[in-house]
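The block underneath contains the structure these notes are about, expressed in C-alpha cells.
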Amino acid sequence: MTTHERDQDERTVRCAMFVDFDNVYLGLRRLDPEAAEAFATEPAHWLAQLQSATGPDGPFTRRFLVRACYLNPSAFSRFRPNFTRAGFQVVDCPSLTQQGKSSADINLVLDAVDALAAPTRYDEFVIVSADADFTPLALRCRAADRRVTIITASPAASAYRAVADVVVTADELAELVTVGPGPASVPDQADESATGRTAPSEATDVPASEAVSRALREADGPLPGGKVAQIAQAADPSLPASGWGGTGGFFAWLEAHVPDAGTASRPAPGYVWDAKRYGEKDLPSSGSASDPAVLRRQVVTVTDTPGLTGEQFRLVLTTLAKDVDSVPFDRADTSRRVRDACQENGANVGRGSVNFVISGILYSGVELQAGTPVEVYAEALAGNVIGLCRGARMDLSPGDVQAIREWVGGGLLDT
C-alpha cells in the first residue's frame, strides 16, 4: 500500500454536530415511535453509526469534536442523561413564550456561528433538524467552505435540503437508529427519496450507469433530467469535471452508457425514462398555467410528491387501508406489502411512493389502524401535500387546492 493510499484509508473529518432534539424526536415519533425512543435513549449507538461514511473523495471517519444537543427540559428532561453519557453538551432550552416556543433555534445558531469562527477548523457541520429556519446557517457554512449534512425526521423544505451536501431523510434516520451494532455508511444521496426516485445508498460501490439504470427501473414514470444527473454524480462525482466521460454532456453520456434510457429535452427541464416501460406519451404536457398537469408537475418538482396518477394514489390508499385492517401496522413491513400488492395489480408504484403516502398520513396526526375509513387517509395525505406546497411558498388558488385534493386523494374526497 502506498503512502497516498494509506492516508486516504485513514482520512478523518473533524465534525461539529448540533441536535435540535424537540424537532427530531417529535417528528420521528409521528413516523415510528420505536425509532423515536431509540434516538432519544441510545444516542451513542446512532452516533457510532454515523462515524463511518463515504464521500466524493472516498471513505472517511467522522470525529465529532462538537456534540451539542438542545432540548426543552420541561418536556424532555428524562432524556438528558442519555445524551450527557454519550458525550453531548446538553443545552437546556425552556419555553420563553406563551406559545410554548423554546430558545433552541437561536442557541443552536449562535453556537454554530461560534464554531465557524473557532481556531479549530471543522470540516463538516451536521445539523440534526428538519426546521427550514436553519437554511441561512447552512448557507453560511457552505460559504465558509464547510461540508453540510442535514439529518431530518419530518418533511424538510426543498430550499433547506438544496443547500446541504448530504441529506439523511426521516426513513433513513429511523433505520439508522434501530439498525444493529456496527458502523454504517451514510450515503451522499438519499437511498430512496419520498418520490420513489432512487439514488443508490452504496453510491461509490456501483458504476454511475448502473445507478441510473436502477433508478429508472424503480421510478413511477419519466424523471426530470436534473434528478437523474444527480444520481449519476452521486455514484461518480468526477463525471462533470471529466466532461461526462468525454462525451460532452449528460444526455450524450446517457446515450453512450445507459442504452435502455429514453430521453427528451422538451418539455423543460428535460426528462429521462426506462424505455422498456415508458415512452414520450408518458411525458407531462406543457399546457397552460391553469392546466392540472402543469400544477401537478410543479407540486412534484417543488415538494417531491410522487408523480403518481390519481388512480395510482387511489390504489395505494385503498391497498394501505385493507392491509392495516388485516395486519397491525409496521412501517417497513406494511410499506413492502402495499408496494407488492400494487405491483401485482399492474401499477408501477415504487417503495418510496408508498413511504411518502404513509409518512404524509402519519405526519398529519392520523394513526394507521384497523377500522379507519380510507377517506380519512386520503384527507390526511391531501392536507399534508397542500401543507408542503404552502411551506414551499407556492401561491395556491382555491381551484389549485381542489385540484390537488382530487389528484392526491385519488378521487376519494368530496369535491
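The values are calculated or read from the model by the stated rules, or taken from the named source; none is laboratory data. As the structure is a computational prediction, the values presented were derived from the model and not from experiment. Quick reminder, even Gly has a Cβ in these numbers, built from the backbone with ideal geometry, and neighbours come from all protein chains shown. Protein only, heavy atoms only, side chains kept; ligands, DNA and RNA dropped before computing areas. Shrake-Rupley method; radii C 1.70, N 1.55, O 1.52, S 1.80 Å.
So the values come out like this:
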{"read-out": "All helices (runs of 4 or more DSSP H) inside the stretch 252-349 with 3 or more residues being among the aliphatic types (A, V, I, L, M), at pLDDT 90 or above and within 23 Å of the chain's Cα centre (by Cα)", "value": "310-326"}
{"read-out": "One residue from A156, A68, A130 being small (G, A, S), in a strand (DSSP E or B), in contact with an Asp or Glu (Cβ under 9 Å, 6 or more places away or on another chain) and open to solvent by less than 50 Å² (accessible area, probe 1.4 Å)", "value": "A68"}
{"read-out": "Pairs where the first residue, in the stretch 83-96, is farther than 14 Å from D111 by Cα and the second is in a loop (DSSP other than H, G, I, E, B), C-beta under 8 Å, 6+ apart", "value": "P94/N72; P94/S103; S95/N72; S95/K101; L96/S103"}
{"read-out": "Unique match (being among the β-branched types (V, I, T), open to solvent by 40 Å² or more (accessible area, probe 1.4 Å) and part of a strand (DSSP E or B)) among T61, T120, T84", "value": "T61"}
{"read-out": "Which numbered condition G55 misses (of (1) modelled with pLDDT of 90 or more; (2) open to solvent by less than 40 Å² (accessible area, probe 1.4 Å); (3) under 21 Å from R11 (Cα atoms))", "value": "(1)"}
{"read-out": "Among (1) within 26 Å of the chain's Cα centre (by Cα); (2) in a helix (DSSP H, G or I) - the single one D114 does not satisfy", "value": "(1)"}
{"read-out": "Set R297, R339: member being among the basic types (K, R) and closer than 27 Å to T178 by Cα", "value": "R339"}
